[in-house]
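Accompanying notes for the structure given below.
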Amino acid sequence: MGIEIEDKFDVPSDYAIPDLSKLAEIAGPKSYQLVALYYDTPDLRLATRGITLRRRRGGDDAGWHLKLPKAKGVRQEITHPLTRSTKVVPAELAELVRAYTRGAELQVVAELDTRRTVTLLHDGPTGLVEIADDRVKGTVFDAEESAGGPRVVRWREVEAELLEGDQALLAKVGKRLRKAGATPSESASKLARLLEPPPVAHAPTKDGSAGQTVMDYLAGQVTALLSQDPRVRRAEHDAVHQMRVASRRLRSALRAFGGIITGTKRVQDELRWLATVLGEARDLEVIRARFARELAALAPELVTGRILARLGDDLHARELEAYERIKDTLSGERYYALLDALDALTAVPKLTKAAAEPAHDKLSDVAAENWDRVAKIYDTAQAISDLERRELAMHDVRKAAKRARYTAEALQPTLGKSMVKLAKHAAAVQEVLGTHQDGVVAQETLAKEAEAARQAGEDTFTYGLLIGLERGTAERAHADFPKVWAETARAIRKLL
């Protein structure tokens, strides 16, 4: 797996690579013949999302390559050794695109036959930037029935790929290439240029309208959720957390913007289900890391019994089991149905008349209403005399503050600095309540683990020590909250 950062340029057939020797040492040119078969569903679900899956022969990186977009000009590349079969995609790679294929068959859709001439900018043994001058013959196979045979397209392009250099050097290379007559490519990849896949379906909305703001945000979060799916399947760091956040942001937006888009109750319920499935592994990951930090900070003589194993290896084993349940979920029909529903939501939403109103006028009210909701839930909680019930109600304040924060963040591109400030204030409330809640949950977990240790005849001294530390953390957050709330409420009254 690697990260690919490159700039692509269209060039005429008689283009000459300019002299780059003043930028770094030069090696080459060296030529290769590359033949790549590209795989997709018949309706090009991968290409539509900017994903390429290929089997390539030739050059020094022959094999299977899966490229997943991360940002403009940046892609994550996952490789697999070359296999003999040209019909069967390696199972490991097919698994990583299931969020897009959803059970549809992967088949060869195109071939690229490329004569590549490579020039390398380097500093001694270190490659800095690679310039690939490609003369390409592209063949589209799905044209056989509709046009009497495969469609063939020829062109020339130049790629400047960052290796071990820095972005400044890549920019200088790009400037030299453009000065010599190259123009930035409008296609994200050779395959996109060849296939011209349809764009992701997105509901048309009026410029500057509330509907445009809401639908752009929802589409962005759907993309964010999908992009985390392959990372979750690979158990990459923070992937479960980011996917869970995307599902929560989507659900929060659908609830907050109910006056703009309707008929989303079923999708909201399914997003809550997905977040719950993801939450088990994420919560174990967080609390395991929390205990590891606390134990590492203790003097060695204070760490007794099997606590390192119980709070480390044992919790990690449970986390891995939770990951397996996540993988089963991500390959199930219920998950695919949710993804289909999200696609339909962004393509053909049920928008209200309010969606056509100016975004600033309509959505400012939504932001204010969401914070008013936080204040009302807080007032209700504070009126409860029973301490235990009040603490439970304060957890609802935290969730409401998170929704207000997500809503403000969604509105930042349209409403600007006021929403940045609102999101910051809501996050402050969420954070202090979260610190208290996390401390309470940690104490409960420690008490259960301590009881299991006691039953096994193990020393439980350190569990009591950690419980005391967690109780102190929770109590400090509880004591800090009134001041945080007063300052936040005062600041938001001025803001809204």
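Just the protein heavy atoms count here, and of the accessible area of segment 1-126 at 1.4 Å, carbon and sulfur take up 50 percent.
When only the Cβ of Lys, Arg, Asp and Glu is charged (+1, +1, -1, -1), the dipole of segment 60-138 relative to its Cα centre reaches about 340 debye. For residue 60 and residue 298, the FRET efficiency from 1/(1 + (r/R0)^6), where r spans their Cβ atoms and R0 equals 45 Å, is about 0.35. The packing ranking of peptides 384-395, 344-355, 207-218, highest mean first, is 207-218, 344-355, 384-395, where packing means the average number of other beta carbon atoms within 10 angstrom of each residue.
Contact order for the chain, expressed relative to its length and based on alpha carbon pairs under 8 Å spaced 6+ residues apart, stands at 13 percent.
Could you work out [θ]222 nm for the chain from helices alone, using -39500 (n - 2.57) per DSSP H run of at least four and dividing by all its residues? Round to the nearest 500 deg cm²/dmol. Calculated at 222 nm, the ellipticity per residue is -18500 deg cm²/dmol.
If you sort the three axes of the alpha carbon gyration tensor as a ≥ b ≥ c, you get a/c of 1.5 or more for segment 152-256 and a/b above b/c, which makes it prolate.
The orientation-averaged projected area of the convex hull spanned by the Cα atoms of segment 217-295 comes to 5.8 nm². Assuming charge only on the beta carbon of Lys and Arg (+1) and of Asp and Glu (-1), the dipole of the chain about its Cα centre is about 1220 debye to the nearest 20. Centre-to-centre separation between the Cα atoms of segment 358-420 and those of segment 221-244: 26 Å. The listed residues 461, 141, once ranked by accessible area (1.4 Å probe) with the largest placed first, stand as 461, 141. Accessible surface comparison of 142, 328, probe 1.4 Å, protein chains only, largest first: the order is 328, 142.
Taking 12 Å as the cut-off, the amide N atoms of segment 380-412 that come nearer than this to a point 7 Å along the Cα-to-beta-carbon line of residue 489 belong to 380-383.
Under conditions of 20 °C and 1.002 mPa s, segment 352-414 yields 165 µm² s⁻¹ as its translational diffusion coefficient, taking Rh as the Kirkwood radius over Cα pairs in the Stokes-Einstein equation. Based on protein heavy atoms only, segment 410-475 ends up with 49 Å² per residue of surface accessible to a 1.4 Å probe. Protein heavy-atom accessible surface, 1.4 Å probe, per residue over segment 173-220: 53 Å².
When +1 charges are put on Lys and Arg Cβ atoms and -1 charges on Asp and Glu Cβ atoms, the dipole computed for segment 369-430 relative to its Cα centre reaches about 300 debye. Of the DSSP H helices in the chain, those with a Cα length along their own long axis of 15 Å or more and a mean Kyte-Doolittle hydropathy reaching -0.5 comprise 167-179, 210-233, 239-256, 265-297, 333-347, 417-455, 461-495. Computed packing ranks the peptides 3-13, 242-252, 92-102 as 242-252, 92-102, 3-13, most packed first, by mean other Cβ atoms within 10 Å. Listed cross-link partners 70/137; 399/424; 265/350; 70/399; 350/402; 362/399 are compared with a 20 Å cut-off, the Cα-Cα value being larger for 70/137; 70/399; 350/402; 362/399.
Quick check on segment 86-244: take the gyration tensor over C-alpha atoms, sort the square-rooted eigenvalues as a ≥ b ≥ c, and tell me if it's rounded (a/c under 1.5), prolate or oblate. It is rounded, given that a/c, with a ≥ b ≥ c, falls under 1.5. Only one of the values (i) 21, 48, 24, 6, 0; (ii) 25, 60, 14, 0; (iii) 19, 43, 32, 6, 0 was calculated from this structure for P(r) over Cα pairs in 20 Å bins from 0, in percent; name its label. This structure yields the entry labelled (iii). Centre-to-centre separation between the Cα atoms of segment 323-352 and those of segment 52-90: 26 Å.
Using Cα positions and a limit of under 21 Å, work out the lysines in reach of residue 22, with same-chain residues fewer than 8 apart set aside. Leaving aside lysines fewer than 8 places away in the same chain, those within reach of residue 22 are 30, 172, 175, 179.
Applying 1/(1 + (r/R0)^6) with R0 = 22 Å to the Cβ-Cβ distance of residue 333 and residue 201 gives a FRET efficiency near 0.50. Remark: segment 405-496 projects, on average over all directions, an area of 7.1 nm² (convex hull of Cα atoms). Here segment 303-356 is treated as a sphere whose radius is the Kirkwood value from Cα pairs; by Stokes-Einstein at 4 °C and 1.567 mPa s it diffuses with a coefficient of 87 µm²/s.
Averaged over its residues, segment 1-148 has an accessible area of 48 Å² per residue, based on protein heavy atoms and a 1.4 Å probe.
Split the accessible area of segment 136-291 by element, probe 1.4 Å, and carbon with sulfur accounts for 49%.
The values are calculated or read from the model by the stated rules, or taken from the named source; none is laboratory data. Note that the structure is a prediction, hence the values are computed from the model and not measured. Cβ sites come from the backbone with ideal geometry, for glycine too, and all protein chains shown count toward neighbours. Accessible surface is based on the protein model in full, side chains and every heavy atom, while ligands, DNA and RNA are left aside. Shrake-Rupley method; radii C 1.70, N 1.55, O 1.52, S 1.80 Å.
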